[in-house]
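A quick write-up on the structure given underneath.
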Amino acid sequence: MVHESLHHPARGSIRGPRRRSSVTISDVAARAGVSTGTVSNVLNRPNHVDADMVRKVQAAISELGYVRNSAARSLAAGSSSSVGFVLVDLANSLFADMARGAEAEAERAGFYLVIANSDVRAEKQRAYLDHFAQEQVAGTLLTAVGNDVSGLSDARRAGQHVVLLDIDPRAVDDSCTVVTDYEAAGYLAATHLIELGRRRIAFAGGPIDGYAVGGRWRGVQRAVAEAGDGVSLVHYDSPDVRVDDGHLIGERLVAAEASERPDGVVTAADLVAFGLMQRLLDAGIHIPSDVAIVACDDNKSAYGSAVPISTVDLPGFEMGRSGMQLLLDELDNGEHHLHRTVVIPPQLTVRESSVGRSGGAATPTAPPTAAN
């Protein structure tokens with residue numbers, strides 16, 4: 001799928017010769033022997049049209065040399081073949097996976113996906129939401145900066161349909177949301193370590209008052225509580241969940257007495273695990289024999305770790321696809337559409353950082369669930 005560009009030529013810029021097709025959609029309909037509505041459906045929602053009809057219309061388009069004017073069509077019909085997606089951080093593979101999932105579903109439905117990167121800046125998020133509203137895209141997917149939904153109300157007032165991904169559903173109303181179960185992610189990670197015989201469990205990284213990291217922390221707490229006496233838990237906080245935060249936590253663990261050092265660590269993110277492991281390995285601490293590590297989010301940026309990282313996968317592709325499905329349903333059904341939250345469970349992938357070179361396999365989980 002070719003991504004559209006949503007920029008305008010600068011004033012005074014040199015433009016190429018303008019070409020204009022004199023062939024109209026009515027001409028195509030007459031040549032194909034169908035209604036103009038059928039031609040419109042073939043152009044915008046070909047999956048909703050009989051295959052033979054699609055071939056007839058496409059043949060007429062080819063014979064007549066019809067070229068559609070997307071901007072004029074959007075203004076006249078109040079619709080567009082483009083859907084916007086405002087991502088928090090395109091450098092994070094979780095959000096890139098969301099975009100891939102959304103694009104796959106958009107392509108199936110005959111839409112183009114236009115990607116915007118807010119780069120973890122709320123003001124940039126607002127600007128892109130406003131831009132998509134002005135361009136009259138059919139709808140917008142949004143991964144908000146934190147739980148900041150800046151620009152959402154203005155987009156709605158402009159008539160935009162917006163579906164939110166990876167946000168606390170309690171932070172919004174009148175919108176569909178798609179989330180993963182962060183508490184289940186922390187629970188899976190900690191339970192895996194406890195089942196391996198680890199008894200001094202640590203949760204490493206991030207302030208724990210946020211939606212994502214806080215959910216993982218609660219899951220770890222629940223697993224430790226269910227394990228009962230003999231299993232302890234400590235939290236090593238950090239300003240963020242990046243590689244440098246893992247370095248800082250690693251230095252604290254290296255400085256601790258071996259008898260006090262945790263033998264099992266759940267990190268709030270893969271990048272934290274990556275930095276933590278660098279410091280531990282540099283200090284001669286063995287992974288996983290001395291310290292077993294399980295991360296959360298399966299960020300592809302951490303794939304270059306010296307020891308492959310066991311991690312709880314956050315299903316970015318499925319989240320993006322589910323978000324697009326909700327948006328398409330809202331576009332198709334209008335006022336009859338019911339807003340709902342789709343919760344997609346995470347999955348544990350076992351690698352060397354927790355079990356050594358014996359390896360492991362992914363633990364299966366239940367299919368996505370929806371709550372009205």
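The values are calculated or read from the model by the stated rules, or taken from the named source; none is laboratory data. Computed from a predicted structure; not experimentally measured. Quick reminder, even Gly has a Cβ in these numbers, built from the backbone with ideal geometry, and neighbours come from all protein chains shown. Heads up: the accessible areas ignore ligands, DNA and RNA and are worked out on the full protein's heavy atoms, side chains in. Shrake-Rupley method; radii C 1.70, N 1.55, O 1.52, S 1.80 Å.
What the table shows:
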quantity	calculated
Every residue from the range 269-287 that is farther than 20 Å from residue 219 by Cβ and either open to solvent by 20 Å² or more (accessible area, probe 1.4 Å) or without any contact (Cβ under 8 Å) to a residue 40 or more places away in the chain (or both)	274, 275, 278, 279, 280, 281, 282, 283, 284, 285, 286, 287
Subset of the range 97-152 (residues that are hydroxyl-bearing (Ser, Thr, Tyr) and within 27 Å of residue 48 (Cα to Cα))	112, 140
Condition check for residue 212: touching a Cys at 6+ places or on another chain (Cβ under 9 Å), open to solvent by 20 Å² or more (accessible area, probe 1.4 Å) and assigned to a helix (DSSP H, G or I)	yes
Residue that is open to solvent by less than 60 Å² (accessible area, probe 1.4 Å), at pLDDT 95 or above and either assigned to a strand (DSSP E or B) or farther than 28 Å from residue 147 by Cα (or both), where the choices are 220, 265	265
Members of the range 292-314 found to be touching a residue at least 60 places away in the same chain (Cβ under 8 Å), out of contact with any Asp or Glu (no Cβ under 8 Å at 6 or more places or on another chain) and either part of a helix (DSSP H, G or I) or not hydrophobic (A, V, I, L, M, F, W, C) (or both), listed by number	300
Residue within the range 64-84 that is part of a helix (DSSP H, G or I), open to solvent by 30 Å² or more (accessible area, probe 1.4 Å) and at pLDDT 80 or above present	yes
Near pairs, Cβ below 7 angstrom, 6+ apart or cross-chain, from the range 216-230 (touching a residue at least 40 places away in the same chain (Cβ under 8 Å)) to any residue that is surrounded by 21 or more Cβ atoms within 10 Å (Cβ to Cβ) and assigned to a loop (DSSP other than H, G, I, E, B)	216/268
Meets criteria (surrounded by 21 or more Cβ atoms within 10 Å (Cβ to Cβ) and at pLDDT 90 or above) for residue 197	no
From 179, 120, 114, residue being within 30 Å of residue 274 (Cα to Cα), part of a strand (DSSP E or B) and in contact (Cβ under 8 Å) with a residue 24 or more places away in the chain	179
Every residue from the range 111-164 that is open to solvent by 10 Å² or more (accessible area, probe 1.4 Å), touching a His at 6+ places or on another chain (Cβ under 9 Å) and small (Gly, Ala, Ser)	138
Residue in the range 324-347 that is surrounded by fewer than 21 Cβ atoms within 10 Å (Cβ to Cβ), aliphatic (A, V, I, L, M), closer than 18 Å to residue 180 by Cα and over 17 Å from the mean Cα position of the chain (by Cα) present	no
Pick from the range 242-262, criterion of a type in the set (A, V, I, L, M, F, W, C) and open to solvent by less than 60 Å² (accessible area, probe 1.4 Å), ranking: nearest to residue 194 (Cα to Cα)	253
